[in-house]
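Visitor: Following this message is one structure expressed as structure tokens.
What follows is calculated from the coordinates using simple rules that are stated; it is not laboratory data. Keep in mind it's a predicted model, so treat the numbers as computed, not measured. So basically every Cβ, Gly included, is an ideal-geometry build from the backbone, and we count neighbours across all protein chains shown.
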Amino acid sequence: MKSETPLHRLQAPPHWRALALASDLHLGGQAPRTTDAFLRWLDTLGGRADALLLLGDVFDAWVGDDLLEHSRNDTEHAVCAALAALGAQGCMVAVQRGNRDFLLGPAFAARCGALLLDDPCVLEVAGQRIVLCHGDALCIGDQAYMRWRAVCRDPDWQGQFLAQPLTQRLQQAQSARAQSRQAQAALEQPADADADEARRWLLAQHASWMIHGHTHRPREHWQGATLRQVLGDWDLDHAAPGRAQALWLRPGDAWLRVDREDLMPWLQAAGELAT
Ligand SMILES: [Mn+2]
């Protein structure tokens with residue numbers, strides 16, 4: 001089941017009855033409450049979900065899988081251990097890279113017992129073809145970002161970056177985040193997915209349904225007969241009220257039910273927000 005190359009097609013076995021999807025958790029030392037909420041949620045998925053699909057930006061930053069060799073990265077260790085525990089309970093875990101954790105690699109996947117998904121990846125479930133992607137590559141109107149994306153996805157650039165000492169990479173990631181926050185603040189509205197580009201992706205994959213994250217516009221975007229379903233980000237550290245949600249796909253014998261689940265009421269009831 002494990003593969004070094006990210007999968008660009010994922011076929012759901014016919015016995016699967018529930019797939020949970022989430023993205024943009026932005027976990028890390030800077031988000032202890034969000035991380036805690038995510039770990040609690042993972043704890044409830046065993047026996048309830050046949051698969052967990054994480055569509056990018058699980059981590060706020062990822063400067064290389066070798067950070068798992070250092071004991072101080074507690075959050076990353078805890079998340080990997082929880083994903084591995086979920087896998088051991090029979091839930092398939094699959095992870096797509098986002099714009100912040102684009103360096104997630106095979107060593108991370110092996111540690112979590114997870115599959116890496118290509119971007120895009122086509123999920124075949126209950127007779128449907130659903131295009132899964134993080135969503136950043138659809139924001140073609142943000143030309144500065146698209147230029148940066150081309151640079152940082154280049155294997156040579158990645159090789160040079162990864163050759164630097166870990167501390168230096170962490171510093172660079174931190175200043176890149178600060179620059180990106182400034183650039184975002186300067187925009188009237190954060191970049192959105194380009195509807196025509198999304199339609200081109202769907203056409204190329206012979207699909208009419210797409211699920212992605214990244215744009216933080218969690219709703220159903222219809223364009224003609226095509227559906228773009230956007231996942232919400234999680235933030236229980238810096239946002240008030242907090243946000244945490246998942247999307248569930250529930251294949252039946254002849255249909256596919258979709259539920260969007262707001263996890264905040266459950267987290268509140270579970271006492272997550274008690275200080
Ligand atoms: Mn993103």
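Visitor: Kirkwood-based Rg over Rh for the chain (C-alpha set), two decimals?
Guide: In the chain, Rg relative to Rh is 0.94.
Visitor: What is the chain's relative contact order, in percent, from Cα pairs under 8 angstrom and six or more apart in sequence?
Guide: Relative contact order of the chain: 22 percent.
Visitor: While we're here: Could you give the longest part of the chain that holds none of the GluC sites (Glu not before Pro) found in DSSP loops with at most 11 neighbouring Cβ atoms within 10 Å?
Guide: 5-187
Visitor: State, to one decimal in nm, how far the label point of residue 237 lies from the label point of residue 158, with both points 7 Å from Cα in the Cβ direction.
Guide: Taking the two extended label points, one gets 2.5 nm.
Visitor: At 7 Å along Cα-to-Cβ for each site, give me the label-to-label distance between residue 118 and residue 140 in nm.
Guide: In this crude spin-label approximation the distance works out to 1.9 nm.
Visitor: Cβ under 15 Å from residue 120's Cβ, residue 120 left aside: what net charge do those residues give with Lys, Arg +1 and Asp, Glu -1?
Guide: +2
Visitor: At 0.36 nm per residue, minus the direct Cα-Cα distance, what do residue 262 and residue 7 gain on full extension? Give it in nm, one decimal, please.
Guide: Extra length from residue 262 to residue 7 when fully extended: 88.9 nm.
Visitor: Now for a different question. Please report the base-10 log of the normalised intensity I(q)/I(0) for region 103-142, using a Debye sum with one equal scatterer per alpha carbon and no solvent, at each q in 0.20, 0.29 (1/Å).
Guide: -0.77, -0.94
Visitor: What is the calculated FRET efficiency for residue 219 to residue 129, with r their C-beta to C-beta distance and R₀ = 25 Å, to the nearest 0.05?
Guide: For residue 219 and residue 129, the calculated efficiency is 0.70.
Visitor: Checking the a/c ratio against 1.5 first, then a/b against b/c, what shape does the Cα gyration tensor give for region 1-153?
Guide: oblate
Visitor: What percentage of all Cα-Cα pairs in region 200-275 are separated by more than 14 Å?
Guide: Here the tail beyond 14 Å accounts for 69 percent of pairs.
Visitor: Okay, moving on. Can you classify region 233-275 as rounded, prolate or oblate using the Cα gyration tensor, where a ≥ b ≥ c are the square roots of its eigenvalues, rounded means a/c under 1.5, and otherwise it's prolate if a/b beats b/c and oblate if not?
Guide: prolate
Visitor: To the nearest 0.05, how large is the calculated FRET efficiency for residue 151 and residue 255 if R₀ is 35 Å and r is the Cβ-Cβ distance?
Guide: 0.20
Visitor: Further question: Need one word for region 100-235: rounded, prolate or oblate. Basis is the Cα gyration tensor (sqrt eigenvalues a ≥ b ≥ c); a/c below 1.5 gives rounded, then a/b vs b/c decides.
Guide: oblate
Visitor: Just to confirm a number: summing +1 for Lys and Arg and -1 for Asp and Glu over residues other than residue 247 whose beta-carbon lies under 10 angstrom from that of residue 247, what do you get?
Guide: Surrounding charge for residue 247 is -1.
Visitor: Suppose every K and R has +1 on its Cβ and every D and E has -1 on its Cβ; what is the size of the dipole of the chain about the Cα centre, in Debye to the nearest 20?
Guide: Around 320 debye, computed over the chain.
Visitor: Then there is this: Whole angstrom only: what separates the Cα centroid of region 67-113 from the Cα centroid of region 213-243?
Guide: Centre-to-centre (Cα) distance: 23 Å.
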